[in-house]
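Participant: Before I ask anything, let me first share the structure, which is written out below as C-alpha cells.
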Amino acid sequence: MLLLGKNIANSLLQTYQKTLLTLPRSPHLVAILIGDHPASHTYVAMKEKACTQVGMRSSVIKLEASISLLTLLQRIDQLNEDPLVDGILIQLPLPPHLDPTLVMQHLDPSKDVDGFHPLNMGKLLLGQSDGFVPCTPLGIQTLLNESKISLAGQHVVIVGRSSIVGKPLAALLVQKHPQANATVTLAHSHSRNLFELTATADVLVAALGHPRFIKAHAVKQGAVVIDVGITREQGKLVGDVDFEEVAPKCRAITPVPGGVGPMTVAMLVHNTLVSCQRRCKNY
Ligand code: NDP
C-alpha cells in the first residue's frame with residue numbers, strides 16, 4: 001500500500017476549511033523568514049498556499065539575514081502581543097549568529113504552532129493535550145491513523161533523533177493513547193548494529209537526511225516504512241529510503257515527494273486552527 005500523504009492532507013484541509021467557517025474570525029498564521037535560504041522560501045510558500053487553500057489568513061515577514069537578536073526578539077514581542085495573530089512560525093535554519101533555542105523560547109507558547117517551544121515539548125512528553133505537537137511527528141501519526149495502521153504494541157524504530165522529528169515523534173508514539181501505545185527505539189549515528197535494529201521494526205521511520213540510506217536488507221518483510229527524508233538531487237526530491245528496493249517488501253510505504261511532506265504542512269494549518277479556537281474561546 002502506498003501511503004499517499006498528499007491525498008490525506010488534501011482531504012484534511014477540506015475538513016479544516018469547514019471548521020474554519022464556524023469560527024468568529026479567520027485564524028492568522030505569521031511566518032518569519034530570515035535571510036535568503038532558497039529551500040526556506042519554498043517551504044514558506046507551500047505553507048502559505050495551504051493556508052490560502054482553506055481560507056486562512058497568512059502573512060510572511062521577511063527580515064534581513066543581518067538582523068540583530070534584539071531586533072528579532074522585539075519583532076516577536078509585537079506578534080506575541082497581537083490578539084489577532086494565532087500562530088507564529090520561525091522558518092529554520094536561522095543565520096549562524098541567531099541561536100534558535102533562544103529565539104524559539106521567546107515565542108508565546110500559545111502561538112507556537114510548530115511546537116518547538118520547551119513548554120510545548122514538555123507537554124508532549126507528559127502527554128498533556130493542551131500544547132502543540134510538532135507538525136512532522138503529528139503528521140506521521142495522523143497519516144498512520146487515517147490509513148488505519150494501528151501502532152498499539154508495535155515496535156517502531158526511528159532513525160534520527162533531531163528535536164524537530166525523531167525526539168518528539170518518539171515522545172508522541174510512546175504515549176498511553178489509542179493512537180500511540182507503541183514500543184519505540186530511537187536510533188542515531190552512534191547506534192550499534194543499526195541495520196539489525198531497523199530489521200526488527202514493525203514500523204520504520206527514516207529521518208536522517210541521507211538519500212536512499214535504508215536498503216531492502218535493513219527492512220523486515222511486511223513492515224510499514226515512513227520516509228521523512230528530503231534531499232534535493234539534481235532538481236529532484238529524494239527520500240532516505242531506497243524506494244525501488246524497499247517497497248516490494250513493505251506492507252505500506254510513503255513516497256517522496258507526496259508522503260510525509262504534505263502532512264507536515266497540513267498539521268501546521270491544524271495547529272493554527274486549534275490555536276484560534278482556543279483564543280476565541282478565551283474572549
Ligand atoms: P538532523 O540533521 O537534524 O538530524 C539527523 C539525525 O539523523 C541525527 O539524529 C543524526 O544522528 C541521525 N543520523 C545521521 N546520520 C546517521 C547514520 N548514518 N546512521 C544513523 N543515524 C544517523 O535532520 P532533521 O531531523 O532536521 O531532518 C532529517 C531529514 O528529514 C532531512 O532530510 C530533512 O530534510 C527531512 N525533513 C522532512 C520533513 C518533512 O516534512 N518531510 C520535515 C523535517 C525534516 P546524531 O544525532 O547522532 O547526529
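Participant: Kindly establish whether T254 is within 16 Å of the ligand (Cβ to nearest atom) and polar (S, T, N, Q).
Facilitator: yes
Participant: Determine, yes or no, whether S129 is outside any helix (DSSP H, G or I), loosely packed, with under 15 Cβ neighbours inside 10 Å, of a type in the set (S, T, Y) and at pLDDT 95 or above. Reasoning before the result, please.
Facilitator: On the way: outside any helix (DSSP H, G or I): yes; loosely packed, with under 15 Cβ neighbours inside 10 Å: yes; of a type in the set (S, T, Y): yes; at pLDDT 95 or above: yes.
It is true that S129 is outside any helix (DSSP H, G or I), loosely packed, with under 15 Cβ neighbours inside 10 Å, of a type in the set (S, T, Y) and at pLDDT 95 or above.
Participant: Give the residues of segment 235-262 that are in contact with an Asp or Glu (Cβ under 9 Å, 6 or more places away or on another chain), within 30 Å of V85 (Cα to Cα) and outside any loop (DSSP other than H, G, I, E, B), sorted by residue number.
Facilitator: Once the filter is applied, which keeps residues that are in contact with an Asp or Glu (Cβ under 9 Å, 6 or more places away or on another chain), within 30 Å of V85 (Cα to Cα) and outside any loop (DSSP other than H, G, I, E, B), segment 235-262 yields only V260.
Participant: Run M121 past the list (1) more than 14 Å from the ligand (Cβ to nearest atom); (2) surrounded by 16 or more Cβ atoms within 10 Å (Cβ to Cβ); (3) not in a helix (DSSP H, G or I) and report the number of the one that doesn't hold.
Facilitator: Evaluating M121 over (1) more than 14 Å from the ligand (Cβ to nearest atom); (2) surrounded by 16 or more Cβ atoms within 10 Å (Cβ to Cβ); (3) not in a helix (DSSP H, G or I) leaves (3) as the failure.
Participant: Continuing with this model, one more query. Select, from V224, V174, the only residue that is over 20 Å from I8 (Cβ atoms) and aliphatic (A, V, I, L, M).
Facilitator: None of the other options fit; the residue is V174.
Participant: Any residue at all in segment 219-226 that is assigned to a loop (DSSP other than H, G, I, E, B) and touching an Asp or Glu at 6+ places or on another chain (Cβ under 7 Å)?
Facilitator: Among the residues of segment 219-226, at least one is assigned to a loop (DSSP other than H, G, I, E, B) and touching an Asp or Glu at 6+ places or on another chain (Cβ under 7 Å), which makes the answer yes.
Participant: Step by step: first the residues of segment 164-197, then only those that are in contact with a Gly (Cβ under 8 Å, 6 or more places away or on another chain) and not small (G, A, S), then the one that is farthest from S129 (Cα to Cα). Which residue is that?
Facilitator: Restricting to residues being in contact with a Gly (Cβ under 8 Å, 6 or more places away or on another chain) and not small (G, A, S), the top hit is H188.
Participant: Give segment 45-75 a look and list any residue that's closer than 21 Å to N10 by Cα and surrounded by 19 or more Cβ atoms within 10 Å (Cβ to Cβ), or say none.
Facilitator: First pass over segment 45-75, keeping only residues closer than 21 Å to N10 by Cα: 45-58.
Within segment 45-75, K47, A50, C51, V54, M56, S58 qualify.
Residue-by-condition table, conditions (1) away from the ligand (no atom under 16 Å from the Cβ); (2) over 25 Å from A50 (Cα atoms):
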{"residue": "T136", "(1), (2)": "no, no"}
{"residue": "T142", "(1), (2)": "no, no"}
{"residue": "N145", "(1), (2)": "yes, no"}
{"residue": "I149", "(1), (2)": "yes, yes"}
{"residue": "V156", "(1), (2)": "no, yes"}
{"residue": "G160", "(1), (2)": "no, yes"}
{"residue": "V165", "(1), (2)": "no, no"}
{"residue": "V174", "(1), (2)": "yes, yes"}
{"residue": "T185", "(1), (2)": "no, yes"}
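Participant: If you take just the helices (runs of 4 or more DSSP H) that sit entirely in segment 1-105, which of them hold at least 1 residues that are closer than 24 Å to Q141 by Cα and aromatic (F, W, Y)?
Facilitator: 5-20, 38-54
Condition check ((1) buried (at least 23 other Cβ atoms within 10 Å of the Cβ); (2) away from the ligand (no atom under 16 Å from the Cβ); (3) not charged (D, E, K, R)) across all residues:
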{"site": "L204", "(1), (2), (3)": "yes, no, yes"}
{"site": "R212", "(1), (2), (3)": "no, no, no"}
{"site": "A223", "(1), (2), (3)": "yes, yes, yes"}
{"site": "D227", "(1), (2), (3)": "yes, no, no"}
{"site": "C276", "(1), (2), (3)": "yes, yes, yes"}
{"site": "R279", "(1), (2), (3)": "no, yes, no"}
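Participant: Quick one: what pairs do we get from segment 169-191, first residue open to solvent by 30 Å² or more (accessible area, probe 1.4 Å) and outside any loop (DSSP other than H, G, I, E, B), second within 16 Å of the ligand (Cβ to nearest atom) and of a type outside the set (V, I, T), C-beta under 8 Å, 6+ apart or different chains?
Facilitator: V184/A170; V184/L173; T185/L197; T185/A201; L186/R161; L186/G166; L186/K167; L186/A170
Participant: Please go through (1) of a type in the set (D, E); (2) touching a residue at least 24 places away in the same chain (Cβ under 8 Å); (3) surrounded by fewer than 23 Cβ atoms within 10 Å (Cβ to Cβ) for D240 and return the number of the only condition it doesn't satisfy.
Facilitator: (3)
The values are calculated or read from the model by the stated rules, or taken from the named source; none is laboratory data. Bear in mind the structure is a predicted one, so any value in this text is a computation, not a measurement. FYI the Cβ positions are ideal-geometry reconstructions off the backbone, even for glycines, and counts take in every protein chain you see. Areas reflect the complete protein model, heavy atoms only, side chains present, ligands, DNA and RNA absent. Shrake-Rupley method; radii C 1.70, N 1.55, O 1.52, S 1.80 Å.
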